[in-house]
1. Exactly one of (1) farther than 24 Å from residue 189 by Cβ; (2) in contact with a helix residue (DSSP H, G or I) (Cβ under 9 Å, 6 or more places away or on another chain); (3) not in a strand (DSSP E or B) is unmet by residue 34. Its number?
2. Only one of (1) over 19 Å from residue 51 (Cα atoms); (2) surrounded by 16 or more Cβ atoms within 10 Å (Cβ to Cβ); (3) at pLDDT 95 or above; (4) out of contact with any helix residue (DSSP H, G or I) (no Cβ under 6 Å at 6 or more places or on another chain) is not met by residue 212, so which one is it?
3. Within segment 145-152, identify whether any single residue is touching a helix residue (DSSP H, G or I) at 6+ places or on another chain (Cβ under 7 Å), free of Cβ contacts under 8 Å to residues at least 12 places away in the same chain and surrounded by fewer than 20 Cβ atoms within 10 Å (Cβ to Cβ), and answer yes or no.
4. Out of segment 170-181, which residues are touching a residue at least 40 places away in the same chain (Cβ under 8 Å) and surrounded by fewer than 21 Cβ atoms within 10 Å (Cβ to Cβ)?
5. Looking at 197, 186, which is the one that is at negative phi, in contact (Cβ under 8 Å) with a residue 40 or more places away in the chain, surrounded by fewer than 23 Cβ atoms within 10 Å (Cβ to Cβ) and in contact with a helix residue (DSSP H, G or I) (Cβ under 9 Å, 6 or more places away or on another chain)?
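The values are calculated or read from the model by the stated rules, or taken from the named source; none is laboratory data. Not measured: the values here are computed from a predicted model. Neighbour counts run over all protein chains shown; Cβ positions are idealised from the backbone, glycine included.
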């Protein structure tokens, strides 16, 4: 299985006034293609900083980040933006949908940025919405959809370009338990299709869906272990299943 993410001695410093904060301290992590990884840690652990670096939203102060064979650690902002659009699909807690656009038009957006032609864009966007079970809601705007349906649109938008990794930041944070289970079932399906998923969460029950759990504390990797008790949504009682 080929390596898709390689962080080698990644550090990130911030200046808060006169105070220098070391948010990440020589973090080294490797993630292979089609892995399903949960990234966990308390507030201030460096979890958000690591997510921003993984998502090419920020650059490290030191160290090397290889994404799908490319060294992105020293890219310019415009190069990072291009890599982000091509290689990464984002799923956010707050959905981040444009309110005046339909579900279909929201999903089409990354393809417009990527320069795809209209017919190709529409076909891919419809396929993505079909995959998340929203084929009958394509013309609806976000305010006409439930929270769970909005997150499904956000997932469809994340996968429409077939990115190297799906980065899901607290994807169930604004949802009730029943809807959260439905969203985790969709992520499970996407993983089974071959996508690499990095799930950022502070909820232990959500992290248990991942096959590997990385815990950060004080800017360092505290533990990095396979999950022996993977929760699968196909289990009607949602009990732990050994894998």
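1. Among (1) farther than 24 Å from residue 189 by Cβ; (2) in contact with a helix residue (DSSP H, G or I) (Cβ under 9 Å, 6 or more places away or on another chain); (3) not in a strand (DSSP E or B), residue 34 violates only (1).
2. (1)
3. no
4. Across segment 170-181, the qualifying residues are 170, 173, 174, 181.
5. Numbers: 197 fails: surrounded by fewer than 23 Cβ atoms within 10 Å (Cβ to Cβ).
Only one candidate qualifies: 186.
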